[in-house]
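Inspection log for the structure reproduced underneath, given as structure tokens.
Rule-based calculations on the coordinates, nothing more; no lab input. Because the structure is predicted, anything quoted here is derived from the model rather than measured. Positions of Cβ are generated from backbone atoms using ideal geometry, with glycine treated the same way; all protein chains shown enter the neighbour counts.
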Ligand code: PHB
């Protein structure tokens with residue numbers, strides 16, 4: 001066998017890895033909201049991914065990355081069709097998305113069946129790193145249970161006795177509330193009322209009146225993006241800021257939106273796996289670069305996008321850009337300790353980050369870290385049979 005048996009002699013063979021000169025680009029499809037109440041979340045994730053890929057040009061098995069962006073509209077009914085489009089028509093090598101847990105449930109079902117390498121850069125649907133976990137699906141973000149649990153612990157330890165839960169009434173809000181309840185359970189306090197608001201509704205007047213008349217010690221909320229801006233402003237406008245009722249939430253209540261919330265956000269305490277002021281080298285450089293490249297402050301969504309891109313980089317580096325070597329890519333992602341702006345984290349056996357959760361407080365529009373509320377918190381991952 002001579003050289004003639006090499007590349008190019010097979011009819012229809014498309015060289016992807018070993019061709020000399022031009023190689024096919026690695027196709028990364030994003031299914032993220034670029035419109036609607038979660039639009040700014042999708043944009044921050046995408047911006048940070050682009051930044052990470054630009055920084056790691058030399059390190060991804062010498063193959064360039066091509067982003068194929070699709071607007072999920074944070075709409076679960078459109079998720080199946082959109083996911084199929086990216087996998088079957090666009091033939092992406094990696095699927096990155098979504099933000100919304102309802103979209104995630106539909107997307108993950110197809111991703112499992114098709115075996116496409118998938119990184120979830122936000123949506124917290126507990127099931128995906130629980131009973132629906134899969135070898136090819138990873139999360140660079142959190143499970144919905146995770147940010148709720150630490151706030152429950154914090155308010156419980158402070159002796160808050162009567163708490164109201166208020167959230168967008170879909171998977172993310174419900175599971176976030178369950179995390180809070182689990183953290184609060186041993187304190188002897190009571191959840192006096194749960195108020196669900198249909199997603200993505202932002203008409204909060206009757207909810208705020210009800211809270212004012214219940215006079216709880218504190219309220220734990222799940223709202224994000226445009227809805228979080230509105231809730232926090234309405235809370236202040238209704239005179240509740242100085243009422244003695246403490247407004248708290250998962251950190252999404254104040255992530256990426258403090259500028260829009262203005263004075264209404266000042267003093268709010270939340271728990272999350274990130275805070276603007278985390279003083280580690282990776283975060284300091286990350287925030288500086290992001291601001292320089294995009295002209296706005298980084299937030300947790302940007303961090304999650306950055307780390308999703310990092311997972312892809314790790315996979316491609318391990319296989320020298322061979323996107324067919326799935327088992328090796330999976331092992332590489334599983335075995336890495338991620339040096340993230342949030343601090344180092346590793347993945348659980350169910351492929352969800354094991355990470356610190358910080359108690360934060362808004363001071364002059366910045367989510368400042370107060371303390372580590374729970375260290376290296378792992379999702380319970382009930383029902384996952386990986387690992
Ligand atoms: C979700 O639907 O899982 C979700 C959406 C927005 C967030 C967090 C979680 O900020």
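Please identify, among 46, 83, 277, the residue showing maximal mean-square fluctuation in a Gaussian network model of the chain using a 10 angstrom Cα cutoff.
Residue with maximal mean-square fluctuation among 46, 83, 277: 277.
What are the extents of the Cα atoms of region 109-219 along their three principal axes, in Å, largest first?
Over region 109-219, Cα extents along the principal axes are 51, 32, 18 Å.
Report the percentage of all Cα-Cα pairs in the chain whose separation exceeds 36 Å, rounded to a whole percent.
Working: 16927 of 74691 pairs.
When all Cα pairs of the chain are counted, 23 percent exceed 36 Å.
Rounded to the nearest 500 deg cm²/dmol, what is the calculated helix-only ellipticity per residue at 222 nm for the chain, with -39500 (n - 2.57) per DSSP H run of length n ≥ 4? Intermediate results must be reported in sequence, preceding the final value.
Details: 11 runs with 134 residues, N = 387.
Helices in the chain give a 222 nm mean residue ellipticity of -11000 deg cm²/dmol.
Considering the Cα trace of region 152-306, what is its radius of gyration and what is Dmax, both in angstroms?
16.1, 48
For region 218-315, max minus min Cα coordinate along each principal axis, in Å, sorted largest first?
Principal axes ranked by extent give 49, 25, 24 Å for the Cα atoms.
Sort 311, 105, 293 so the one with the fewest other Cβ atoms within 10 Å of its own Cβ comes first. Each step should come with its number before you reach the end.
Values: 311 26, 105 18, 293 15.
Ascending Cβ contact count within 10 Å gives the list 293, 105, 311.
Which log10 I(q)/I(0) values does region 264-387 give at q = 0.20, 0.21 Å⁻¹ under the Debye formula, counting every alpha carbon as one identical point scatterer?
-1.16, -1.22
Working from Cα positions, state the angle (0 to 90°, nearest 10) between the long axis of helix 101-114 and the longest principal axis of the chain.
So the helix axis and the longest Cα principal axis differ by about 20 degrees.
Just want the ordering: 113, 297, from fewest to most Cβ atoms lying within 10 Å of their own Cβ. Intermediate values should be presented prior to the final figure.
On the way: 113 10, 297 17.
Lowest to highest Cβ neighbour count: 113, 297.
For residue 335 and residue 205, calculate 0.36 nm times their separation in residues minus their Cα-Cα distance, and state this gained length in nm to one decimal.
On the way: separation 130, 0.36 × 130 = 46.80 nm, distance 4.83 nm.
This chain segment gains 42.0 nm when fully extended.
Can you pull a Stokes-Einstein diffusion coefficient for region 19-168 at 10 °C (1.306 mPa s), Rh from Kirkwood over Cα pairs, as a whole number of µm²/s? Write out the running numbers ahead of the final one.
On the way: Rh = 16.8 Å.
Approximately 95 µm²/s, per Stokes-Einstein.
What is the angle, in °, between the Cα long axis of helix 39-55 and the longest principal axis of the Cα atoms in the chain? Nearest 10 is fine, range 0 to 90.
Approximately 40 degrees, to the nearest ten.
For the chain, modelled as a Gaussian network with Cα springs under 10 Å, which listed residue fluctuates most, 138, 222, 94?
Its mean-square fluctuation being the largest, the pick is 94.
Normalised radius of gyration for region 29-87, please: alpha carbon Rg relative to 2.2 N^0.38 Å, two decimal places.
Relative to the 2.2 N^0.38 Å estimate, region 29-87 comes out at 1.27.
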